[in-house]
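Please read the structure below before turning to the comments.
The values are calculated or read from the model by the stated rules, or taken from the named source; none is laboratory data. Since the model is a prediction, treat every value here as computed from it, not as a measurement. Using ideal geometry, Cβ is built from the backbone for each residue, glycine included, and neighbour counts are taken over all protein chains shown. With ligands, DNA and RNA removed, areas are computed over all heavy atoms of the protein, side chains included. Shrake-Rupley method; radii C 1.70, N 1.55, O 1.52, S 1.80 Å.
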Amino acid sequence: QLHSDQDKGDGSLKYILSGDGAGTLFIIDEKTGDIHATRRIDREEKAFYTLRAQAINRRTLRPVEPESEFVIKIHDINDNEPTFPEEIYTASVPEMSVVGTSVVQVTATDADDPSYGNSARIIYSILQGQPYFSVEPETGIIRTALPNMNRENREQYQVVIQAKDMGGQMGGLSGTTTVNITLTDVNDNPPRFPQSTVHLRVPESSPVGTAIGSVKATDADTGKNAEVEYRIIDGDGTDMFDIVTQKDTQEGIITVRKPLDYETRRLYTLKVEAENTHVDPRFYYLGPFKDTTIVKISVEDVDEPPIFSRSSYLFEVHEDIELGTIIGTVMARDPDSASSPIRFSLDRHTDLDRIFNIHSGNGSIYTSKPLDREISQWHNLSVIASEINNPKDTARVPVYVRILDVNDNAPQFAVFYDTFVCENARAGQLIQTISAVDKDDPLGGQKFFFSLAAVNPNFTVQDNEDNTARILTRRNGFSRHEVSTYLLPVVISDNDYPIQSSTGTLTIRVCACDSRGNMQSCSAEALLLPAGLSTGALVAILLCIIILLVIVVLFAALKRQRKKEPLILSKEDIRDNIVSYNDEGGGEEDTQAFDIGTLRNPAAIEDKKLRRDIIPETLFVPRRTPSAPDNTDVRDFINQRLKEHDTDPSAPPYDSLATYAYEGNDSIAESLSSLESGTTEGDQNYDYLREWGPRFNKLAEMYGGGESDKDTS
């Protein structure tokens with residue numbers, strides 16, 4: 001309550017309040033000055049409030065006293081229980097831990113004022129989890145309470161911890177939390193084989209590295225504490241088998257180390273040991289962390305393929321051996337107890353030329369074709385061995401045949417030599433260095449000897465004794481005009497046995513050279529050419545002449561072809577062509593038409609009348625022929641002129657033959673022929689032919705005369 005000394009109780013003063021919570025949490029009675037709280041106050045929200053109060057005149061609203069400040073402090077009561085930050089805790093502790101081993105610490109908080117009474121003094125206790133764990137009352141540290149807690153027996157524990165204020169006294173508030181505790185594994189258990197003896201079976205044909213079975217030791221521990229390493233420590237099969245530890249499954253995989261043979265040994269015994277790889281020294285007292293078991297392996301019999309006596313064969317043979325010679329023998333046997341006979345054969349894919357063959361019974365390989373080391377020095381064969389009783393069981397072995405060299409090839413020139421000698425050469429001058437090659441390959445290396453087949457007056461050969469030789473001149477001066485080419489036979493021989501030799505011929509040209517011996521020209525015709533012109537200039541001139549001749553010939557051929565252009569312009573089928581005539585003719589008024597009088601008049605040739613069925617060409621001067629008498633028969637006259645033209649080389653062949661395979665459609669003027677006439681020849685009247693002009697007089701005489709003759713007869 002606030003009260004002013006100026007307050008006389010007449011209600012003239014008015015109390016006002018300001019500050020923290022004024023008007024909301026705290027209100028003041030204007031008349032009496034009493035301060036009231038409008039709701040329940042929580043110290044944990046705010047422990048004190050600062051307020052200001054003043055008394056003013058109700059009428060003038062002027063303060064009658066200065067403003068005064070005061071603090072309202074909230075006294076604490078135990079109205080908050082202890083709380084844990086986590087509702088559930090998770091912790092772990094190794095198994096087999098000693099008593100009192102710290103597991104985890106839990107801490108609770110109380111919102112009450114720790115400086116006022118025991119409202120915030122917390123005491124911890126365990127409600128669930130005894131007798132395995134305990135908790136320190138003051139600190140909340142949880143510890144193990146039993147020795148040798150085994151994870152393999154129980155792994156999970158749930159502990160409930162209580163925190164109580166008021167020092168744990170009656171009436172105090174409390175809170176709880178749950179702690180899940182897991183026992184972690186330690187290597188306190190050795191591996192154990194579930195069986196003292198393990199039986200396995202394996203076929204004798206199993207290749208090296210084949211897995212034949214597995215063994216596994218169990219370990220109650222987990223993780224790295226359960227990791228086991230397997231090894232073979234004893235037995236009669238330690239050199240025949242291996243064991244490998246499979247990390248993901250912790251199994252020991254037994255594999256074949258060497259090839260097995262049922263006929264040699266049928267049973268093997270192994271002693272396998274399994275040992276932990278991570279051993280904790282604290283638990284040595286629990287015993288050795290390893291175990292052993294006996295593994296018995298039985299080898300099963302299978303029908304095995306033949307086995308060769310060697311993994312590969314190498315045979316050497318000279319290339320000059322006779323056909324059918326045995327070059328070597330392969331041997332194989334059946335490893336089974338039945339010992340089936342073996343049949344041998346060659347894989348023809350390795351001998352496509354069928355140079356070799358093999359005896360199917362004894363495996364002897366012999367030649368069936370001649371050998372040639374120069375063609376192929378090595379032959380890689382594959383021999384197949386199969387059981388006669390079971391042909392499917394086969395084995396292969398590589399056979400390498402090396403062909404040894406014999407001296408069966410003569411040496412030859414290494415390259416083709418283009419040799420020349422200068423006209424101004426002197427005796428003893430070097431004109432060529434030659435060498436040789438030989439397809440053979442003697443052990444001591446190649447050695448060649450060079451000599452002339454016969455004494456040559458012009459050249460000689462000098463052996464350099466290093467498989468080369470020099471060709472030298474024996475006289476001074478050569479003339480290409482007299483002899484342009486010399487042939488020099490050179491004999492080349494080797495030094496192997498038997499000695500092989502060959503004769504190679506050098507072609508030596510005689511050439512003109514400059515003062516330094518450089519070749520300029522080797523042809524004899526070059527002597528006739530004018531001096532001062534080089535070879536390039538002569539070639540250019542010759543090319544120009546040839547080009548001009550070709551142009552002239554082409555021009556003449558084109559001109560002649562254009563003059564002899566036929567009336568039929570196309571070479572296609574004659575049925576599709578139209579014969580064009582450039583001159584229609586004069587009809588009945590044409591007095592220049594051919595008639596019998598022209599044939600009788602030799603002077604008609606001088607009229608220079610051109611033919612109208614071909615394009616005119618250059619006219620030759622006609623030969624004068626004696627005039628025929630008037631009574632000369634026309635047939636004799638024509639034969640005489642025909643003979644003259646046949647023997648005249650300047651007379652062109654004017655006669656031509658046109659073949660028409662298709663007649664075509666009927667003409668609108670109808671046909672003049674009587675072949676399709678429906679009447680006989682005697683019924684036709686040909687008098688109208690006389691009305692068609694002089695060109696049809698002959699026809700009129702022929703047909704008209706026939707009727708008169710017929711009538712007279």
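Would you mind getting me the FRET efficiency between Gln195 and Phe283? Use the beta-carbon distance for r and R0 = 22 Å, nearest 0.05.
Given R0 = 22 Å and the Cβ-Cβ separation, E is 0.30.
If DNA, RNA and ligands are ignored and the probe is 1.4 Å, what is the ranking of His481, His645 by accessible area, most exposed first?
His481, His645
Would you mind checking which residues have amide H under 5 Å from Gln105's amide H? H placed 1.01 Å from N; only 5 or more apart, or other chain.
Distant-sequence amide H within range of Gln105: Ile142.
If packing is taken as the mean number of other Cβ atoms within 10 Å per residue, what is the order of 365-372, 411-418, highest first?
Result, highest mean Cβ count within 10 Å first: 365-372, 411-418.
Enumerate the amide H contacts of Tyr89 below 5 Å, restricted to partners 5 or more residues apart or on another chain; note that Pro and chain-start residues carry no placed amide H.
Under 5 Å from the amide H of Tyr89: Thr178, Val179, Asn180.
Find out how many positive minus negative residues lie around Pro457, taking Lys and Arg as positive, Asp and Glu as negative, among other residues whose Cβ is under 12 Å from that of Pro457.
Local charge sum for Pro457: +2.
Each residue of segment 26-32 in order: what ³J(HN,Hα) in whole Hz does its phi give by Karplus 6.51 cos²θ - 1.76 cosθ + 1.60, θ = phi - 60°, with x for Gly and Pro?
Couplings: 10, 10, 10, 7, 5, 8, 9 Hz.
What's the center-to-center distance, using Cα atoms, between segment 404-475 and segment 99-178 in Å?
Their Cα centres are 116 Å away from one another.
What's the FRET efficiency of Met519 with His645 using the Cβ-Cβ distance as r and R₀ = 60 Å, to the nearest 0.05?
0.45
Roughly what would the spin-label model give for Arg348 and Thr90, points 7 Å off Cα along C-beta, in nm?
It is 7.6 nm.
Name the chymotrypsin sites (Phe, Trp or Tyr not before Pro) in segment 115-164 that are in a loop by DSSP and that have at most 13 other C-beta atoms within 10 Å, would you?
On the way: sites: Tyr116, Tyr124, Tyr132, Phe133, Tyr157; in loops: Tyr116, Tyr132.
Taking segment 115-164 and a limit of 13 other Cβ atoms within 10 Å, the loop chymotrypsin sites (Phe, Trp or Tyr not before Pro) found are Tyr116.
What residues qualify as long-range amide H neighbours of Glu319, i.e. H under 5 Å apart, gap of 5 or more or another chain, H built at 1.01 Å from N?
Excluding prolines and chain starts, which carry no amide H, the hits are Leu404, Val406.
From the phi angles alone, apply the Karplus equation (6.51, -1.76, 1.60; θ = phi - 60°) to segment 416-429 and give each ³J(HN,Hα) in whole Hz, x where the residue is Gly or Pro.
7, 9, 9, 9, 9, 10, 7, 4, 9, 5, 10, 5, x, 7
Run through segment 34-118 and list the GluC sites (Glu not before Pro) located in a DSSP loop whose Cβ has at most 10 other Cβ atoms within 10 Å.
Glu45, Glu87
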